[in-house]
Amino acid sequence: MANAAKKKNSEDQQKREQQRQAEREQWQQEFIARQNFMQSQMEHRRELRKLPKSALIFIGFLALVFSASVVLFLMSFNPATSSIVDKVMSFFKFY
């Protein structure tokens, strides 16, 4: 009777250990999958962050043109500077 109980106990213990091992392996696989996913996301973000120099120059040029047009627009409301704006506009023939 004691031998049967010990045998059943050892079988139960083996099953629990196998189940723990299977859970541990599954957890490790999920962890590795998450780690690989995060690494690929970081690499993708790094690639997006790297803009070519020509794109940065173009964006800077657009910002300069926009800020100059805003300054000219605001200067056109001041009577003292409206003649300057008129000369600049006639140079570029905007109107």
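The values are calculated or read from the model by the stated rules, or taken from the named source; none is laboratory data. Because the structure is a prediction, the values reported are computed rather than measured. For neighbour counting, all protein chains shown are included, and Cβ atoms are generated from backbone atoms with ideal geometry for every residue, glycine included.
Here residue 60 passes the criteria (1) more than 29 Å from the chain's Cα centre (by Cα); (2) of a type outside the set (Ser, Thr, Tyr); (3) in a helix (DSSP H, G or I) except the one numbered (1).
Yes/no per residue for (1) outside any helix (DSSP H, G or I); (2) modelled with pLDDT of 90 or more; (3) among the charged types (D, E, K, R):
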position	(1), (2), (3)
7	no, no, yes
22	no, yes, no
26	no, yes, no
37	no, yes, no
47	no, no, yes
86	no, no, yes
90	no, no, no
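The single condition among (1) at pLDDT 90 or above; (2) surrounded by fewer than 10 Cβ atoms within 10 Å (Cβ to Cβ) that residue 53 does not meet is (1).
Residue pairs whose Cβ atoms lie under 6 Å apart, sitting 6 or more positions apart in sequence or on different chains, and linking a residue in segment 57-70 that is farther than 15 Å from residue 92 by Cα to a partner that is modelled with pLDDT of 90 or more and of a type in the set (A, V, I, L, M, F, W, C), do not occur here.
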